[in-house]
Amino acid sequence: MADSKIADPLPLGLAAFGITLIMLSSLNAGLWHGAGGGALIGTSIFLGGITLFFVGLLEFFRGNTFTATVFTAFGAFWSSAWYWLTNPAVQAKGSLGVFIGCFAIASIVMWVVAMRLGIHFNLLFFLLMVTLFAEAYGNWGGGHSGAVKLGGWTGIVTSVIAIYIAAKMLINEAYGKAVLP
(Lines give C-alpha, C1' and ligand atoms only; values in the text may rest on other atoms or scores of the structure.)
Protein backbone atom coordinates (compact mmCIF):
# COMPACT_ATOMS: atom_id res chain seq x y z
CA MET A 1 0.00 0.00 0.00
CA ALA A 2 1.43 3.35 -1.03
CA ASP A 3 2.04 6.00 1.57
CA SER A 4 -0.60 8.67 1.05
CA LYS A 5 -0.08 12.24 2.07
CA ILE A 6 -2.63 15.00 2.11
CA ALA A 7 -1.06 18.25 0.96
CA ASP A 8 -1.37 21.19 3.30
CA PRO A 9 -4.70 22.88 2.46
CA LEU A 10 -3.89 25.96 4.56
CA PRO A 11 -2.42 28.08 1.71
CA LEU A 12 -5.50 27.40 -0.43
CA GLY A 13 -7.77 28.39 2.44
CA LEU A 14 -5.86 31.58 3.16
CA ALA A 15 -5.78 32.54 -0.52
CA ALA A 16 -9.49 31.81 -0.99
CA PHE A 17 -10.35 33.78 2.12
CA GLY A 18 -8.09 36.69 1.15
CA ILE A 19 -9.36 36.91 -2.42
CA THR A 20 -13.01 36.81 -1.40
CA LEU A 21 -12.51 39.29 1.43
CA ILE A 22 -10.64 41.76 -0.76
CA MET A 23 -13.56 41.86 -3.19
CA LEU A 24 -16.03 42.65 -0.43
CA SER A 25 -13.65 45.05 1.30
CA SER A 26 -12.88 46.97 -1.88
CA LEU A 27 -16.61 47.46 -2.37
CA ASN A 28 -17.02 48.65 1.23
CA ALA A 29 -13.99 50.95 0.93
CA GLY A 30 -15.52 52.52 -2.18
CA LEU A 31 -12.92 51.32 -4.69
CA TRP A 32 -13.35 50.32 -8.33
CA HIS A 33 -16.72 52.08 -8.63
CA GLY A 34 -18.49 49.09 -7.07
CA ALA A 35 -17.04 46.48 -9.46
CA GLY A 36 -15.85 44.42 -6.48
CA GLY A 37 -19.49 43.80 -5.56
CA GLY A 38 -20.32 42.25 -8.91
CA ALA A 39 -17.24 40.09 -8.75
CA LEU A 40 -18.15 39.05 -5.20
CA ILE A 41 -21.41 37.27 -6.05
CA GLY A 42 -19.94 34.20 -7.74
CA THR A 43 -16.73 34.28 -5.76
CA SER A 44 -18.54 34.28 -2.42
CA ILE A 45 -20.30 30.96 -3.08
CA PHE A 46 -17.55 29.11 -4.93
CA LEU A 47 -14.19 30.36 -3.65
CA GLY A 48 -15.33 31.75 -0.31
CA GLY A 49 -18.03 29.22 0.48
CA ILE A 50 -17.38 25.84 -1.10
CA THR A 51 -13.58 26.05 -1.24
CA LEU A 52 -13.21 27.22 2.36
CA PHE A 53 -15.63 24.58 3.60
CA PHE A 54 -13.66 21.91 1.72
CA VAL A 55 -10.36 23.23 3.14
CA GLY A 56 -11.89 23.09 6.61
CA LEU A 57 -12.81 19.43 6.14
CA LEU A 58 -9.28 18.64 4.97
CA GLU A 59 -7.91 20.40 8.05
CA PHE A 60 -10.10 18.11 10.21
CA PHE A 61 -8.50 15.09 8.48
CA ARG A 62 -5.07 16.54 9.21
CA GLY A 63 -6.00 16.94 12.89
CA ASN A 64 -5.88 20.76 12.90
CA THR A 65 -8.86 21.73 15.03
CA PHE A 66 -8.34 25.50 14.91
CA THR A 67 -7.95 25.84 11.16
CA ALA A 68 -10.69 23.27 10.56
CA THR A 69 -13.03 25.37 12.66
CA VAL A 70 -11.98 28.65 11.05
CA PHE A 71 -12.30 27.48 7.47
CA THR A 72 -15.56 25.54 7.81
CA ALA A 73 -17.10 28.46 9.73
CA PHE A 74 -15.98 31.00 7.15
CA GLY A 75 -17.01 28.68 4.32
CA ALA A 76 -20.48 28.79 5.86
CA PHE A 77 -20.12 32.57 6.34
CA TRP A 78 -19.42 33.19 2.65
CA SER A 79 -22.15 30.77 1.52
CA SER A 80 -24.60 32.56 3.83
CA ALA A 81 -23.38 35.95 2.56
CA TRP A 82 -24.04 34.78 -0.99
CA TYR A 83 -27.55 33.73 -0.01
CA TRP A 84 -28.17 37.07 1.69
CA LEU A 85 -26.82 39.02 -1.30
CA THR A 86 -28.92 37.13 -3.84
CA ASN A 87 -32.23 36.87 -1.94
CA PRO A 88 -33.91 40.22 -1.24
CA ALA A 89 -36.56 38.49 0.90
CA VAL A 90 -34.00 37.95 3.71
CA GLN A 91 -32.52 41.44 3.54
CA ALA A 92 -34.40 42.94 6.47
CA LYS A 93 -33.04 46.22 7.79
CA GLY A 94 -30.12 45.53 10.09
CA SER A 95 -30.00 41.79 9.34
CA LEU A 96 -26.60 42.02 7.71
CA GLY A 97 -25.27 43.79 10.81
CA VAL A 98 -26.61 41.02 13.06
CA PHE A 99 -25.14 38.33 10.80
CA ILE A 100 -21.68 39.93 10.67
CA GLY A 101 -21.86 40.81 14.38
CA CYS A 102 -22.24 37.17 15.36
CA PHE A 103 -19.12 36.29 13.39
CA ALA A 104 -17.36 39.28 14.95
CA ILE A 105 -18.01 37.84 18.40
CA ALA A 106 -16.69 34.42 17.30
CA SER A 107 -13.61 36.11 15.85
CA ILE A 108 -12.57 37.16 19.36
CA VAL A 109 -11.98 33.49 20.22
CA MET A 110 -10.18 32.94 16.92
CA TRP A 111 -7.88 35.87 17.65
CA VAL A 112 -7.07 34.57 21.15
CA VAL A 113 -6.02 31.23 19.63
CA ALA A 114 -4.13 32.93 16.78
CA MET A 115 -1.98 34.81 19.30
CA ARG A 116 -0.11 31.53 19.80
CA LEU A 117 0.51 31.02 16.08
CA GLY A 118 2.97 33.83 15.40
CA ILE A 119 2.84 37.46 14.44
CA HIS A 120 1.27 37.03 11.00
CA PHE A 121 -1.69 34.97 12.23
CA ASN A 122 -2.02 37.21 15.27
CA LEU A 123 -2.24 40.28 13.05
CA LEU A 124 -4.54 38.53 10.56
CA PHE A 125 -7.11 37.57 13.17
CA PHE A 126 -6.86 40.85 15.09
CA LEU A 127 -7.56 42.83 11.91
CA LEU A 128 -10.29 40.38 10.92
CA MET A 129 -11.94 41.02 14.28
CA VAL A 130 -11.68 44.80 13.79
CA THR A 131 -13.04 44.45 10.25
CA LEU A 132 -16.02 42.38 11.34
CA PHE A 133 -16.93 44.67 14.23
CA ALA A 134 -16.70 47.75 11.98
CA GLU A 135 -18.83 46.06 9.31
CA ALA A 136 -21.38 44.85 11.87
CA TYR A 137 -21.76 48.34 13.30
CA GLY A 138 -21.80 49.88 9.85
CA ASN A 139 -24.64 47.62 8.72
CA TRP A 140 -26.68 47.83 11.90
CA GLY A 141 -29.97 49.68 11.91
CA GLY A 142 -29.86 52.68 9.62
CA GLY A 143 -26.31 51.98 8.58
CA HIS A 144 -23.18 53.94 9.29
CA SER A 145 -21.22 54.53 6.11
CA GLY A 146 -18.05 55.63 7.92
CA ALA A 147 -17.85 52.32 9.78
CA VAL A 148 -18.50 50.37 6.58
CA LYS A 149 -15.67 52.27 4.87
CA LEU A 150 -13.34 51.66 7.85
CA GLY A 151 -14.23 47.96 7.73
CA GLY A 152 -13.48 47.99 4.01
CA TRP A 153 -9.99 49.39 4.51
CA THR A 154 -9.14 47.09 7.44
CA GLY A 155 -10.54 44.20 5.40
CA ILE A 156 -8.19 45.04 2.54
CA VAL A 157 -5.21 44.94 4.91
CA THR A 158 -6.53 41.68 6.40
CA SER A 159 -6.80 40.23 2.88
CA VAL A 160 -3.26 41.21 1.99
CA ILE A 161 -1.97 39.50 5.15
CA ALA A 162 -3.94 36.32 4.37
CA ILE A 163 -2.59 36.24 0.82
CA TYR A 164 0.94 36.97 2.07
CA ILE A 165 0.81 34.02 4.51
CA ALA A 166 -0.44 31.77 1.69
CA ALA A 167 2.35 32.99 -0.61
CA LYS A 168 4.93 32.55 2.14
CA MET A 169 3.84 28.97 2.74
CA LEU A 170 3.82 28.07 -0.96
CA ILE A 171 7.10 29.78 -1.83
CA ASN A 172 8.96 28.46 1.22
CA GLU A 173 7.74 24.92 0.51
CA ALA A 174 8.67 25.15 -3.19
CA TYR A 175 12.19 26.38 -2.38
CA GLY A 176 12.66 24.13 0.64
CA LYS A 177 13.79 27.02 2.79
CA ALA A 178 12.55 30.25 4.35
CA VAL A 179 12.52 32.67 1.42
CA LEU A 180 9.78 34.85 2.89
CA PRO A 181 9.75 35.56 6.64
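The values are calculated or read from the model by the stated rules, or taken from the named source; none is laboratory data. Please read all numbers here as calculations on a predicted model, not as lab measurements. Cβ sites come from the backbone with ideal geometry, for glycine too, and all protein chains shown count toward neighbours.
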Checking the structure you have, find out if any residue of the range 15-23 is closer than 15 Å to residue 163 by Cα and in contact with an Asp or Glu (Cβ under 7 Å, 6 or more places away or on another chain). no
Can you find a residue in the range 139-149 that is farther than 20 Å from residue 29 by Cβ and basic (Lys, Arg)? no
Sole miss for residue 120 among (1) of a type outside the set (S, T, N, Q); (2) surrounded by 14 or more Cβ atoms within 10 Å (Cβ to Cβ); (3) out of contact with any Lys or Arg (no Cβ under 9 Å at 6 or more places or on another chain) is condition (3)
Cβ-Cβ under 8 Å, sequence separation 6+ or interchain: first residue in the range 19-41 and modelled with pLDDT of 95 or more, partner not in a helix (DSSP H, G or I). Which pairs? none
Quick one: would you say residue 147 is among the aliphatic types (A, V, I, L, M) and out of contact with any Phe, Trp or Tyr (no Cβ under 8 Å at 6 or more places or on another chain)? no
Test: residue in the range 48-68 that is within 19 Å of residue 164 (Cα to Cα) and among the hydrophobic types (A, V, I, L, M, F, W, C): yes
Does the range 138-181 hold any residues that are among the charged types (D, E, K, R), touching a residue at least 40 places away in the same chain (Cβ under 8 Å) and more than 17 Å from residue 104 (Cα to Cα), and which are they? 168, 173
Under 9 Å by Cβ, and 6 or more places apart or on different chains, what pairs join a residue from the range 119-131 that is at positive phi with one that is surrounded by fewer than 19 Cβ atoms within 10 Å (Cβ to Cβ) and assigned to a helix (DSSP H, G or I)? none
